[in-house]
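Here, each number is a calculation from the coordinates, and none is a lab measurement. All of these numbers come straight from a predicted model, not from anything done at the bench. So basically every Cβ, Gly included, is an ideal-geometry build from the backbone, and we count neighbours across all protein chains shown.
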Amino acid sequence: MTMLPTPAEMYRALVERDQSFEGLFFACVRTTGIFCRPTCRARKPKPENVEFASTIQEALHRGYRPCLVCDPMSAAAAPPNWLAPLVDEMQRQPDVRLRDHDLRVRGLDPVQVRRTFKRSFGMTFQAYQRACRLGTAMRALHNGSPTLDAGLDAGFESDSGFRAAFARVFGDTPGEARDTALLTATWIETPLGPMLAIAGDRGLELLEFVDRRALETELRELRRSLGAVVPGDHPILQQTRDELREYFEGRRQAFTMPLNQRGSDFQLKAWRALSRIPYGETRSYADMAREVGSPAAVRAIGRVNGQNRIAIVVPCHRVIRSDGSLCGYGGGRWRKHWLLEHEQSRRDS
């Protein structure tokens, strides 16, 4: 559980717009129903009218909307500038274990590092280091390295320690995991908030906003059916990151990264139909049911839309009600509205 500063300390930071607290908490204003960054310029609420959340996901789950003044969902709310170099170091040298002393030598506050990792990646700093080590070991196993060598090369001090840590994360012994599919996950900042992307050699498997309620369920299903998901990078993830940036900048209307969607025949048929909806246009659920050859399956289309694991790229946001009104969207209705306006304005310009 993320440890927040005291309410008094957070309220002081909010009133004084203390930048050192940026990213550590979000202020949720009960009277307006919005949540803000600590540095928001808007008029400050009374202490009794504010509560605090450690993550954007938590604030959204409590029913608060993002503030239009400080825009906490934007890329401007990116992690501090020390985070990327630290993550890069851990991924390049997974055998190096960084403890509090090591962080202080690098000029970092261990408490802030732990809070930031929990907020940004949904796991502790120690768990992230362990995931990097295990990811290196998993790749070595896939390349044919003996189990003991793979564990020791990844920074584990004994074969038994490697096996125990491996089982805690992946649920299999190292030997049993040799043939398990290896997926790589990365964090992508967007103007609508951070997204989690997961890919393997066959294509992009998942692209979701991190505050989506169904994300944890989707991750469990991926791990149950495919096995290991480890932090890192992959050419398909890099392509996804680049194409998303171009999309949000208004310079891309079609995505080209390979996809590896998994589902029933009906699900795959419906998701392919989604991908055929032109940029800047919309279709109704009834239109989509006719498109897949099942005119009576309107509700089933709605359910399958909600099961789409690749947001934006497979554009389930382009499906609306027959009367033209918006309906539910896994990433939040406000995001659906933003995406449709973004596409229509770029198409017409």
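Overview of values
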{"item": "5 angstrom amide H check on Leu204, placed H, neighbours 5+ away", "result": "Leu259, Asn260"}
{"item": "Per-residue ³J(HN,Hα) for the range 326-331, Karplus 6.51 cos²θ - 1.76 cosθ + 1.60, θ = phi - 60°, Hz, x for Gly and Pro", "result": "6, 9, x, 8, x, x"}
{"item": "Unit charges at the beta carbon, dipole of the range 233-349: most positive-side option, Gly280, Gln307, Tyr247", "result": "Gln307"}
{"item": "3J(HN,Hα) from dihedral phi, the range 248-261, Karplus parametrisation 6.51/-1.76/1.60, rounded to Hz, x for glycine, proline", "result": "5, 7, x, 9, 9, 10, 9, 9, 10, 5, x, 10, 10, 7"}
{"item": "Over the range 230-322, relative contact order from alpha-carbon pairs under 8 Å, at least 6 apart, %", "result": "27"}
